[in-house]
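The values are calculated or read from the model by the stated rules, or taken from the named source; none is laboratory data. On a predicted model such as this, the values are computed, not experimentally measured, just so you know. FYI the Cβ positions are ideal-geometry reconstructions off the backbone, even for glycines, and counts take in every protein chain you see.
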Ligand code: SAM
Ligand code: SF4
Ligand code: SF4
């Protein structure tokens with residue numbers, strides 16, 4: 001198979017599940033082989049999207065012949081909530097709903113409502129958030145807030161309409177995303193974060209206009225290095241604009257000062273405008289790997305658990321759920337999977353050769 005072909009129904013292989021006979025919950029805090037806790041769960045609720053960003057779902061691959069997962073393969077809202085509850089029992093405090101485009105999943109508000117009810121073992125509410133391309137927010141922001149969503153992140157790769165439409169590749173106008181961001185702010189879903197994936201030669205001329213636009217608005221703009229995730233985007237290192245270079249461009253125009261990280265395992269390096277007019281973040285996934293603090297697990301649309309964005313296979317939790325075992329057994333299985341985790345792909349990138357027969361999971365399937 002050539003690098004730009006994908007099977008009709010995209011579904012990566014599943015690793016063998018080890019279900020411990022003894023379903024006792026792990027004693028003490030759960031850590032992986034590198035001592036990293038399980039803190040953050042990203043839940044993909046659909047593999048479908050109304051955009052075709054070239055770095056994620058290139059149109060020539062994800063065309064009308066591509067078959068998305070059939071509805072019966074998706075985890076139901078009840079199944080997602082049950083798993084989320086188990087994960088929370090194991091230490092997860094943050095849930096991020098993603099996709100594909102999560103707002104395309106019918107009835108998403110009901111799922112948000114169910115997840116918003118969950119509490120940590122000591123009774124605290126979770127940090128419940130969502131990543132969206134913003135295309136539906138004008139209609140949906142208030143309903144999501146009413147359902148219990150606290151805040152959200154919108155992806156936006158430029159302000160110039162020609163650049164943005166070329167990047168989303170479906171002719172979607174910038175104006176509608178900006179209106180969506182305004183709707184999210186008006187609904188109180190703040191502070192809204194905006195993620196911009198930067199590709200050298202494609203949208204790096206949008207860095208300064210984006211910074212100028214979002215300064216003074218309360219929106220936290222975060223620049224993300226273009227990653228080699230998946231197997232379809234034709235990634236090349238020369239299209240990565242290192243954050244260090246991006247920061248130099250910003251510093252030529254703006255006085256910025258570094259901020260201390262607020263949360264352990266935080267992916268963004270935070271900077272604030274010296275005059276107090278806002279904050280930006282740099283996510284240097286390629287040039288400054290942050291695997292050492294990576295406390296994130298990802299649950300795919302069909303219920304596979306992935307321990308790294310660059311994994312080739314996931315653990316089939318849907319099979320486990322549908323086998324009729326109890327929550328304790330599910331918790332013990334997930335704990336065992338996490339305790340065996342050794343993933344640190346970004347740290348090894350360029351140092352160790354990737355396994356030749358491993359096809360990495362696609363971003364729209366696993367969620368960002
Ligand atoms: N559709 C939603 C959106 O775009 O926000 C949620 C899913 S999307 C896969 C999640 C995030 O992954 C987005 O912010 C997107 O820009 C980012 N992303 C996708 N492919 C990427 C890549 N190759 N490198 C860096 N970020 C990427
Ligand atoms: Fe869709 Fe988000 Fe991927 Fe763009 S980045 S194609 S909006 S899933
Ligand atoms: Fe985490 Fe894998 Fe990314 Fe490293 S490469 S930060 S382990 S998801």
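Screening segment 227-252 for residues that are modelled with pLDDT of 95 or more and part of a loop (DSSP other than H, G, I, E, B) and picking the one that is farthest from residue 205 (Cα to Cα) gives 242.
Give the residues of segment 189-203 that are outside any strand (DSSP E or B), away from ligand 2 (no atom under 14 Å from the Cβ) and surrounded by fewer than 22 Cβ atoms within 10 Å (Cβ to Cβ), sorted by residue number. Lay out the reasoning, then the answer.
Taking segment 189-203 and keeping what is outside any strand (DSSP E or B), we get 189-192, 200-203.
In the following step, the residues that additionally are away from ligand 2 (no atom under 14 Å from the Cβ) were identified as 189-192, 200-201.
190, 191, 200, 201, listed by residue number.
Checking every residue in segment 204-223 against the condition of being modelled with pLDDT under 95 and in a loop (DSSP other than H, G, I, E, B) gives zero matches. If you go through segment 171-188 one residue at a time, do you hit one that is closer than 30 Å to residue 93 by Cβ and outside any helix (DSSP H, G or I)? Scanning segment 171-188 turns up at least one residue that is closer than 30 Å to residue 93 by Cβ and outside any helix (DSSP H, G or I).
Of the candidates 317, 256, 305, the single residue that is more than 15 Å from ligand 1 (Cβ to nearest atom), over 18 Å from residue 40 (Cα atoms) and touching a helix residue (DSSP H, G or I) at 6+ places or on another chain (Cβ under 8 Å) is 256.
The set of residues in segment 258-290 that are touching a residue at least 60 places away in the same chain (Cβ under 8 Å) and away from ligand 2 (no atom under 16 Å from the Cβ) comprises 264, 265, 277, 278, 280, 281, 282, 286, 287, 289. Within segment 94-123, residues that are farther than 27 Å from residue 52 by Cβ and modelled with pLDDT of 95 or more sit with their Cβ atoms under 8 Å from residues that are part of a loop (DSSP other than H, G, I, E, B) and within 16 Å of ligand 1 (Cβ to nearest atom), at 6+ positions apart or across chains, in these pairs: 116/149. Assess whether residue 244 counts as being more than 25 Å from residue 162 (Cα to Cα) and under 24 Å from the mean Cα position of the chain (by Cα). Yes; evaluated as a whole, the condition is true for this residue. Evaluate the following for residue 313: is it closer than 30 Å to residue 76 by Cβ, at pLDDT below 90 and within 16 Å of ligand 3 (Cβ to nearest atom)? Here the answer is yes, as residue 313 does meet what is asked. Scanning segment 31-54 for residues that are in contact with a strand residue (DSSP E or B) (Cβ under 8 Å, 6 or more places away or on another chain), part of a loop (DSSP other than H, G, I, E, B) and more than 16 Å from ligand 1 (Cβ to nearest atom) returns 38, 39.
Taking residues in segment 39-57 that are under 24 Å from residue 93 (Cα atoms), and partners anywhere that are in a strand (DSSP E or B) and near ligand 1 (Cβ under 8 Å from one of its atoms), the pairs with Cβ atoms closer than 6 Å and at least 6 places apart or on different chains are 42/98; 44/98. Quick one: is residue 350 more than 16 Å from ligand 2 (Cβ to nearest atom) and either touching a strand residue (DSSP E or B) at 6+ places or on another chain (Cβ under 9 Å) or modelled with pLDDT of 95 or more (or both)? Taking the combined requirement at face value, the residue does not satisfy it.
Every condition in (1) within 22 Å of residue 156 (Cβ to Cβ); (2) within 16 Å of ligand 2 (Cβ to nearest atom) is met by residue 298 except one, and the failing one is (1).
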